[in-house]
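Shown next, in C-alpha cells, is the structure this report addresses.
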Amino acid sequence: MWARVVRLGLRARLGGCRGFTCKADPQGSGQVTAETIEHLERLALVDFGSREAVARLEKAIAFADRLRGVDTDGVEPMESVLEDRCLYLRSDDVTEGNCAEELLQNSHRVVEEYFVAPPGNISLAKLDEQEPSPRG
Amino acid sequence: MAAHMLRWGCAGRRWALAYVDGGSCHGLGAPNDFTLSGMKGQSSMAPQPLITAQKPRKGEHEWAAVVGLEIHAQISSNSKLFSGSQVHFAAPPNSLVSFFDASLPGTLPVLNRRCVEAAVMTGLALNCRINKKSLFDRKHYFYADLPAGYQITQQRLPIAMNGSLTYGVRVGTKRSQVITRTVRIKQIQLEQDSGKSLHDDLRSQTLIDLNRAGVGLLEVVMEPDMTCGEEAATAVRELQLILQALGTSQANMAEGQLRVDANISVHHPGEPFGVRTEVKNLNSARFLAKAIDYEIQRQINELENGGEILNETRSFDSRLGCTMPMRDKEGKQDYRFMPEPNLPPLVLYDSASLPSGADLQQVINIDYIRERLPELPSVTREKLVEQYGMLPEHSFTLLNEVGLLEFFQNVIKETRAEPKLVTSWVLNTFLGYLKQQNLAVSESPVTPSALAELLTLLDGKVISSSAAKQVFEELWKSKSKTAAQIVSEKKLELMEDREALEQLCQAVMEGHPQVAMDVKKGNLKAINKLIGLVRKATQGRADPTVIKKILEEKLSS
C-alpha cells in the first residue's frame, strides 16, 4: 500500500506553482491558495485538510516573508551559511550504533527488528479522486 | 522463402541494421549473436521478431548508440560517512544505526576523514581535477528508507571533476586483440547511501532496515562515450580493479558495493542524440552488458516501427533478459536541492597551500595522497608484458579474473619453468578447468605449489606435455597427492631408454610401410603420423622431439 501511495503521489502532475511563496500575498500576509495546498499534499503525502493546519502554514509563511524587507543589493550570496567555519573531520572509528532496541521504540509499528513504513495519511481512494491541477 | 529478419550489431561505434536472409548476414554480426527474434515459449514481454521484405538501402538503417554510466561505489571504511556507526555487510537488521542515521531531531553530521581521502585517491587515479573547495547539498525525496527526507550529496561542487578512465576492449575474430578506449569522467562526488526496503506484498507492508543508511558512497559519473554493452561492462570492470587496487572500495557487485545505472540512447550518425532511457540497479558486469545491448536493440526496434522512445526509468529482468519500465519511477522527481546548512565547505590543500602549524588530523593534503598512490592495474599490466614477455591480452585476462594474478605470481615464484610455459598453463589449462566447472580461483582444488611442481617436471623433461595433462587431471581430482607421486604411480616419466625407443620406432615403420614410403618420397608431414603412433605405443611417455630425430635417422638411411 505504501509503495502505491508513493507511486500515485509521484505520478500526479504537480500544479503550476513551483513553490508556495509565489501564491502567498506579496504583502506578507501569507495567504495560501487551495491549489498550493494540493501541491504540498502531493509532495509530502500529508493531508492539510483542516483550517487549523492551513492557518499554521500561513503563519509560518508570513513569518518567513518578513525577510523580503531586507535590502540585499550588492551583497554576494554565500555558498554556505557556515562559510567562515572549518569543516571538522573525524577519524574513521566506530563510536555509535548498537542501539536498535532504543530506536525501534520510536517506531509506531515494528516487525521483528524492522521498522514498518507508515502509509501516507491521504487515503488511496481520496488520492485517486483528486484531479491533478493544470500546469500554470 | 525464409523470413527476412533484421539484426543489429555493435562494431566499435556503429549499430548497423543488417539484413539477414535465412541465416546469411550481409552486415555486422551482433555481439554475442544477439538477435531480436522471438523464440518458442518466450514470455509475452520478450521482444518480437522484426519482419521485412526489402533490403534496406545502403546507410539507410545505420544507428549510433550512446551509453553513459552512473556508478555508486561503497567506500571501504569502518564507520559511516557522517556518523560513527559501523559499516558491515549482513549484520542483523537495524543493529548498525546511530541516532543521526535514524534522523532523530538534534543530531548533526560529522564528516569521516577516511571517506574524503578515499574520494581524493579515486579522483587522482582517474586523472580528475581535485576541487580544493567542495560543497555539500541536500537532495530531497520522499521514501521510507530515507528517514531524513533528504540525502546529503555534492550536487553543485563535487570533490573531483573532469577525469578519464582508459580500458581495453577485446576485438578480432578470436577476441585475441585488445584495443584501448577512453571514457571521460564528468565528476566524482561523496554521498550517503539509503537504507533497505523489503516489500512484504503478502501483508501489504514495507519493512525498513537502516543498517546501510548513511554509508559513504562515491558516485562516479561517466560521460556518454560508450557505444555498447561490452564497452560499458569492460569500463566498469576496469574501474572495479582500480578501486580494489586503491583500497577505496571492495567493489563487490554481488554485495551491492558497486551499483551501476546506465543511460542509453540511439540516433542516426550525424544527427542529435536521441531520447535517453535509464536502466537502474545493474548488479553484475554480465547483466550490465546484456541490459545495455537489449535496450539499444529495443530502442532501434521501436524507432524503426514508427514508435517513440520515452524518457523513462527501466529495470533489467535477468531471467527474461529484457528491460521493463519501473512503475514507481513514473513521476519526474523534483529533488529541491539546497545547500546543507550543517556542513561548511570542504577545503583541501596541496603542499604549497598547506597552512603552517595546521592540525594534520584536520587537513587533507592532495599531494601527500598522490605520492602514496599504489600501483594501478594499467601499470601492473605493462609490467607483466615487460617482465614475462606475455601478450597484452594475457595481462588483461590475468587481472580481470579475481585472484588469477596472485595465483600466477605464486606459481612463477615456486617453479623453475619458463614464464611463457606458466602463462600458457595458467591461462589455458587451469582457467579452462575453472570455467568448465564454474569455479572461482579461490575454489580451485589445484594449488599454485602443485601446479609449480608439475611445470618444473614438464620443463625439466621428466614428463611429456600429454603426460603433464594427465597429471593435472589427477591433481584436480585428488588434493592429497603431489605431481611427483602421480608421475611415479602411473609410470608417466619420459622413456630414457634410447634402445627401446629405437626398437619401437622400427616396429611402427614396419607396421605402416606406406606412411614410411610417403615420408621417403618427400611428404614430410606424414612423419607426424608415425610420431603419433610411437607416442601412443609409449602412452605419451616418449619425448616427441627424440622420436622425430630417431625416425628421421631411420628413414634417411
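A few points about this structure:
- Positive-end ranking of B:Val178, B:Gly149, B:Val221 along the dipole of the stretch B:131-263, with charges on Cβ about the Cα centre, is headed by B:Val178.
- The mean number of partner chain beta-carbon atoms within 10 angstrom of a residue's beta-carbon across peptide A:101-111 is 3.
- Approximate shape of the stretch B:117-211 as ellipsoid semi-axes (Cα gyration tensor, √5λ), whole Å, largest first: 35, 24, 9
- In percent, rounded to a whole number, the relative contact order of the stretch B:377-490 is 22, using alpha-carbon pairs under 8 Å and six or more apart.
- Interface area, B with A, accessible, probe 1.4 Å, both sides summed, Å² nearest 100: 4300
- Shielding by partners, peptide B:212-222 (average Cβ within 10 angstrom, other chains): 0
- log₁₀ of I(q)/I(0) at q = 0.10, 0.11, 0.15, 0.20 Å⁻¹ - the stretch B:377-490, Debye sum with one point per alpha carbon: -0.27, -0.33, -0.61, -1.06
- Checking the cross-link pairs A:Lys59/B:Lys80; B:Lys290/B:Lys469; B:Lys186/B:Lys280; B:Lys139/B:Lys186 against a 29 Å limit on the alpha carbon distance flags A:Lys59/B:Lys80; B:Lys290/B:Lys469 as lying beyond it.
- Entries in B:Lys490/B:Lys554; B:Lys461/B:Lys481; B:Lys383/B:Lys420; B:Lys132/B:Lys383; B:Lys420/B:Lys481; B:Lys490/B:Lys548 that, when Cα-Cα distance is taken, lie over 22 Å: B:Lys490/B:Lys554; B:Lys132/B:Lys383; B:Lys420/B:Lys481; B:Lys490/B:Lys548
- Integer Hz, Karplus 6.51/-1.76/1.60 couplings in order for the stretch A:88-100, x for Gly and Pro: 6, 10, 9, 6, 7, 10, 7, 10, 9, x, 6, 9, 4
- Think of each Lys and Arg Cβ as +1 and each Asp and Glu Cβ as -1; about the Cα centre, that makes the dipole of the stretch B:377-490 roughly 220 debye.
- Projected area, mean over directions - the stretch B:423-501, Cα convex hull, nm²: 5.5
- Reachable aspartates and glutamates, given that their alpha-carbon falls under 14 Å from the alpha-carbon of B:Lys529 and they are not under 8 places away in the same chain: B:Glu510, B:Asp518, B:Glu552
The values are calculated or read from the model by the stated rules, or taken from the named source; none is laboratory data. Remember, predicted model here, so these are calculated numbers, not experimental data. Cβ coordinates were reconstructed from backbone atoms using ideal geometry, including for glycine residues, and neighbour counts include every protein chain displayed. For accessibility, only protein heavy atoms count, side chains too; no ligands or nucleic acids. Shrake-Rupley method; radii C 1.70, N 1.55, O 1.52, S 1.80 Å.
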